[in-house]
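Student: Quick one: the structure is below, questions incoming.
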Amino acid sequence: MSDTALPLLGPDVDFAELPGRDLSKDELLELASAVGRRPELWREHIAFDDDHRHFVSLYRDSHVDVWVLCWTPQNDTGWHDHDISSGAIAVVRGGLIEHNLAVDRPSMVTAVGAGEAYCFGPEHIHRLTGRDPGTVSIHAYSPPLWRMGQYAVSSTGILRRESVSYADELRPLDDMA
């Protein structure tokens, strides 16, 4: 095993064995997927609410944070970025819809179902919505989230960014189309 490989390829996820540095988006993909395969790490935190997406921090240190998020079809993050953090999302139950912002055309839409995962860099702007009732996803970020950018597009096409805390629930901004 190389010194950059994560020690969690097997069935066990040991946060104490993370390498003590920021992780690449591919390493985050491995981490989110590994945590997703361990429901005993997140099962007790599952709860659903159509008005407020339920989310719980599973792990956080100075290099990475891991969350479990619970979704209904009414839940919508609105357009956002993750500031300087790369990320990965593993859907463990149900499905999400990822929307990627496009200019001068409709957003690109991708369905991500149970057992699927993907990763992205800090330049990624997207919007997530719950596809199925009872959806659960695992999210990993590095460096840990401190702030995010939320976006709104006015009816005149003007894009604006608002900085928000990582602890705030992401929701569509007022004039989002």
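Student: If r is the Cβ-Cβ distance from Ala102 to Ser163 and R0 is 22 Å, what FRET efficiency results, to the nearest 0.05?
Tutor: 0.45
Student: If you take the charge dipole of the stretch 18-145 about its Cα centre, with +1 on Lys and Arg Cβ and -1 on Asp and Glu Cβ, which of Ile125, Ser33, Val64 is farthest toward its positive end?
Tutor: Ser33
Student: Turning to a different aspect of this structure: Could you work out the relative contact order of the chain, using alpha carbon pairs under 8 angstrom and six or more residues apart, expressed as a whole percent?
Tutor: 25 percent
Student: Given only helices, namely DSSP H runs of n ≥ 4 each adding -39500 (n - 2.57), what is the per-residue ellipticity at 222 nm of the chain, to the nearest 500 deg cm²/dmol?
Tutor: -2000 deg cm²/dmol
Student: Moving on to the next point. Any idea how far the Cα center of the stretch 96-148 sits from the one of the stretch 56-70, in Å?
Tutor: 16 Å
Student: Based on the mean of other Cβ atoms within 10 Å per residue, sort peptides 132-145, 19-32, 44-57, 153-166 so the most packed one is first.
Tutor: Ranked from most to least packed, the peptides come out as 132-145, 19-32, 44-57, 153-166.
Read-outs: derived from the displayed coordinates by stated rules, not from any lab. No experiment lies behind these values; they were computed from the predicted model shown. Methodologically, a virtual Cβ is constructed for each residue, glycine included, from the backbone with ideal geometry; neighbour enumeration extends over all protein chains shown.
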